[in-house]
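Here's the structure we're looking at; comments come further down.
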Amino acid sequence: MPKTILIIEDDNILQKVMKDALKTEGYSVIQAFDGGAGFKDITRVKPDLIILDLLMPLKPGEWVLKKMNEKGMMDKYPLIVLTVKNDAANTNNLANLNVKNHISKSEYSLEMLTERIKELI
């Protein structure tokens, strides 16, 4: 049975590119386009890994991280934060939210993402 990856990202083009690449690698992919829907999918689907954007409409990624921390879910699901926010303040904020893996969208490649996924699941 293939591992399931949940992508929570509001950019339709980036969602499609990641979904196609991950399906080619043999993963099952679930998509959510905002944090609220994504958090519901986490509790419903129980994915093997989550890719999370921080800047989204309605419920941003920080909201998802706070909810996951409140519910004791941070150690339950491997997580990669993929974001344009790449400054020291954001890095500290992610550490405070128990995020161990993040990739800057300015440095991101599909190869880097798939390698990180393989390391985590």
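Computed values, structure above
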{"read-out": "Length-normalised contact order of the chain in % [C-alpha pairs under 8 Å, at least 6 apart]", "value": "24"}
{"read-out": "Efficiency of FRET between Asp20 and Val45 - r from beta-carbon atoms, R0 22 angstrom, step 0.05", "value": "0.65"}
{"read-out": "Value of [θ]222 nm, deg cm²/dmol, for the chain, DSSP H segments ≥ 4, -39500 (n - 2.57) each, nearest 500", "value": "-13500 deg cm²/dmol"}
{"read-out": "Net charge of neighbours whose Cβ lies under 13 Å from the Cβ of Lys46, counting Lys and Arg as +1 and Asp and Glu as -1", "value": "+3"}
{"read-out": "Amide H contacts under 5 Å for His102, placed H, 5+ residues apart", "value": "Val81"}
{"read-out": "Extension reserve of the Met112-Asp75 stretch, reckoned as 0.36 nm per residue once the Cα distance is removed", "value": "11.1 nm"}
{"read-out": "Net charge, Ala37 excluded, C-beta distance under 15 Å - Lys, Arg +1, Asp, Glu -1", "value": "-2"}
{"read-out": "Partners for Lys40 among lysines (Cα-Cα distance below 20 Å; same-chain residues under 8 apart left out)", "value": "Lys3, Lys19, Lys59, Lys66, Lys67, Lys71, Lys76"}
{"read-out": "The stretch 42-108 - Debye-derived log10 I(q)/I(0), Cα point model, q = 0.18, 0.25 Å⁻¹", "value": "-0.64, -1.23"}
{"read-out": "Whole-number Å³ per residue for the convex hull built on Cα positions in the stretch 4-120", "value": "91"}
{"read-out": "Table column - 3J(HN,Hα) (Hz), the stretch 69-84, Karplus curve with 6.51, -1.76, 1.60, x for Gly and Pro", "value": "5, 4, 8, x, 9, 5, 8, 7, 10, x, 9, 10, 8, 10, 8, 7"}
{"read-out": "The stretch 92-113-the stretch 28-65 distance, computed between alpha-carbon centres (Å)", "value": "15"}
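Any read-out appearing in this document is the output of simple, stated calculations on the displayed coordinates, not a laboratory observation. Since the model is a prediction, treat every value here as computed from it, not as a measurement. Glycine also receives a Cβ, built like all others from the backbone with ideal geometry; neighbour counts cover every protein chain displayed.
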